[in-house]
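Engineer: Below is one structure. I have some questions about it.
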Amino acid sequence: MQRPPLVVGLVRNAAAKRVFQQGDISLLTVPTAKRLLTAEFPGSPRLFLIEATKQEVQITCEVVVQLRHQYPLTDVLIWAPHASSSTVRSLFHAGVKDVILRQSEDHVLGVVQSVLQDQQILPRLNELTKRKARNARFESMLSRSETMWDLFELCERIAQTNATVLIAGETGTGKELIARAVHRRSGRGGRFVAANCASIPQDLINSELFGHEKGAFTGADRAKKGLVTHAGEGTLFLDEIGDMPAEGQLSLLRMLQEKRVRPVGSLSESEIDVRVVAATNVDLHADIKAGNFREDLYYRLDVIRMNVPALRERPEDILFLFGHFIKKNASHYGLQPPSWSDSFLDALVQYDWPGNIRQLQNFSERLVLSRTPKALTARDFDRIRSTVGDELGSETPRSRMRLPDGVDTSKSLQENIQRITSRVERDYLTALLEKHHGRVIETAKDAGISRRTLLRKMNRYNLEKSTFKR
């Protein structure tokens, strides 16, 4: 059984002592503040709490300074309901974590519990991070990683230029957040418009990007503005650029070179002043070699490269973001945050997090909703991570949700659809090629697509027609 956290301090209030006892906190009191400097404790104090009167301000500040020197990783709280603003300022200069100005014993307990909750993560976080003093927030992103802050600084430097940007990184690392930060700091007056190239059908890519005139193709019953025009003088974010069809790649290249667009079915062109930021989670060099991506377009996009590291490459952010997500979800659902052991935090840091920040965020939400009363261990980590909807601590575990093969709840809906669609498309084309013994024209006709489209897809899926010949 896990022992309650030890709080040591000068607490004269009898009601407060009873409240601490009810809050499952071990409170050890001393007769004077100075006694904290010489007393021997039955365990390592998690927190020092000093109830100070107006007359004890000077001596309390001196004690705090020495406590911070003797116990640099142990926080100090001062309970001083009648303290003046100058007293509070002096106490903060001495190094206290916080000064509690309310008389309520329940409020004091709440502040103590909040600090203790932070301590479950922060001591381990301090071991991992080298940049403790820096503000951890940049735009809507949180990080204590040196690598990420180098990336944020690059974002600031290039934001107000017109150069195209290519953001590379695994799924779930926050590439779109980086793109939005570039746009917000660019000073551009237009919109930020995002498009997922993997989700736009091949025959509609030009229409979606550049718009079309009425009657340009079957179903075009009215004119439509494209995403480029919709962005105006803003930023066009092209996510998963490696999945853009060949026709769209050529049109995008022409747009970047000439700074002009022509809607589908139109004879006239219009000038544009839009900045393009693209993102990819695949190796575009490999796609270029395979003939799936234009080399000239790649160099047009890769003017400024921003490589977003995977979460496993910055372990200090695993704990930091985990603590942030736990607090956020607990507040959102009105639930008490869970408690955990060191083995749980070890497992948290050692796991690879293939889904990166998005997976960690989903895991944290699931953990809060589990509402387990016990301190979590490494075994609990594996169980919660590998199940969906299981509630720890319940007498009768709920049955696990059975998901189709290939479905990964750590990834977005669109990413799951893309993966499953690609798998089905490959299996379908393989079956047709076997049926027609590798004859491309007959296979394309049977599939209802052009010969060129079939060859491109065969190249993408590494389907050699010689494999299917008798």
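The values are calculated or read from the model by the stated rules, or taken from the named source; none is laboratory data. Keep in mind that this is a model prediction, so the values were computed, not measured. FYI the Cβ positions are ideal-geometry reconstructions off the backbone, even for glycines, and counts take in every protein chain you see.
Engineer: Got a number for residues in region 339-370 being farther than 13 Å from LEU319 by Cα and β-branched (Val, Ile, Thr)?
Structural biologist: Summing the residues that are farther than 13 Å from LEU319 by Cα and β-branched (Val, Ile, Thr) in region 339-370 gives 1.
Engineer: Same structure, new question: Of the residues GLY334, GLY355, which single one is at pLDDT 85 or above, surrounded by fewer than 16 Cβ atoms within 10 Å (Cβ to Cβ) and either at positive phi or in contact with a Gly (Cβ under 9 Å, 6 or more places away or on another chain) (or both)?
Structural biologist: Result of the check over GLY334, GLY355: GLY334.
Engineer: Looking at region 172-195 only, could you name the residues that are touching a Ser or Thr at 6+ places or on another chain (Cβ under 8 Å) and within 19 Å of ILE318 (Cβ to Cβ)?
Structural biologist: Residues satisfying the conditions are GLY172, LEU177.
Engineer: If you take the residues in region 175-217 that are part of a helix (DSSP H, G or I) and β-branched (Val, Ile, Thr), which one is farthest from the chain's Cα centre (by Cα)?
Structural biologist: ILE205
Engineer: Taking into account only those residues within region 41-58 that are more than 24 Å from GLN113 (Cβ to Cβ) and surrounded by 14 or more Cβ atoms within 10 Å (Cβ to Cβ), which is modelled with the highest pLDDT?
Structural biologist: Looking at residues that are more than 24 Å from GLN113 (Cβ to Cβ) and surrounded by 14 or more Cβ atoms within 10 Å (Cβ to Cβ), I get GLU56.
Engineer: Then there is this: When you scan region 22-79 for strands (runs of 3 or more DSSP E) that lie fully inside it, which ones turn up with 2 or more residues that are free of Cβ contacts under 8 Å to residues at least 24 places away in the same chain?
Structural biologist: Of the strands (runs of 3 or more DSSP E) lying wholly inside region 22-79, those with at least 2 residues that are free of Cβ contacts under 8 Å to residues at least 24 places away in the same chain span 26-29.
Engineer: Say we look at region 451-470 and pick out the residues that are among the charged types (D, E, K, R) and assigned to a loop (DSSP other than H, G, I, E, B); which of these is nearest to ARG419 (Cα to Cα)?
Structural biologist: The first filter runs over region 451-470 and keeps only residues among the charged types (D, E, K, R), leaving 451-452, 456-457, 460, 464-465, 469-470.
Now drop any that are not assigned to a loop (DSSP other than H, G, I, E, B), which leaves 464, 469-470.
Details: GLU464: 21, LYS469: 28, ARG470: 31 Å.
For region 451-470, the residue satisfying everything is GLU464.
Engineer: Mind counting the residues in region 304-331 that are surrounded by 16 or more Cβ atoms within 10 Å (Cβ to Cβ) and of a type in the set (Asp, Glu)?
Structural biologist: Looking only at that region, the number is 2.
Engineer: Sort out which residues of region 285-338 are outside any helix (DSSP H, G or I), under 15 Å from LEU142 (Cα atoms) and out of contact with any Asp or Glu (no Cβ under 7 Å at 6 or more places or on another chain), and write them in order of number.
Structural biologist: If the condition is that a residue be outside any helix (DSSP H, G or I), under 15 Å from LEU142 (Cα atoms) and out of contact with any Asp or Glu (no Cβ under 7 Å at 6 or more places or on another chain), then VAL308, PRO309, ARG314 are the ones that fit.
Engineer: Hey, among LEU369, LEU360, LEU345, which residue is assigned to a helix (DSSP H, G or I), modelled with pLDDT of 90 or more and not basic (Lys, Arg)?
Structural biologist: LEU360
Engineer: Related question: Which residues, taken from region 51-62, are within 41 Å of the chain's Cα centre (by Cα) and closer than 17 Å to ARG89 by Cβ? Before the answer, list the steps.
Structural biologist: Let us first name the residues in region 51-62 that are within 41 Å of the chain's Cα centre (by Cα), namely 51, 61.
CYS61, the sole residue that qualifies.
Engineer: If you go through region 148-160 one residue at a time, do you hit one that is out of contact with any His (no Cβ under 7 Å at 6 or more places or on another chain) and either within 22 Å of PHE210 (Cβ to Cβ) or in a loop (DSSP other than H, G, I, E, B) (or both)? Outline the logic, then answer.
Structural biologist: Just the residues of region 148-160 that are out of contact with any His (no Cβ under 7 Å at 6 or more places or on another chain), to begin with: 148-160.
Next, from what is left, pick out any that are either within 22 Å of PHE210 (Cβ to Cβ) or in a loop (DSSP other than H, G, I, E, B) (or both): 159-160.
Scanning region 148-160 turns up at least one residue that is out of contact with any His (no Cβ under 7 Å at 6 or more places or on another chain) and either within 22 Å of PHE210 (Cβ to Cβ) or in a loop (DSSP other than H, G, I, E, B) (or both).
Engineer: Still on this structure, please answer the following. Within region 298-330, work out how many residues are more than 19 Å from ALA179 (Cα to Cα) and either modelled with pLDDT of 90 or more or not polar (S, T, N, Q) (or both).
Structural biologist: So the answer is 18.
Engineer: Tell me which residues, restricted to region 364-383, are touching a Phe, Trp or Tyr at 6+ places or on another chain (Cβ under 8 Å) and surrounded by 20 or more Cβ atoms within 10 Å (Cβ to Cβ).
Structural biologist: SER364, VAL368, LEU376, ASP380, PHE381
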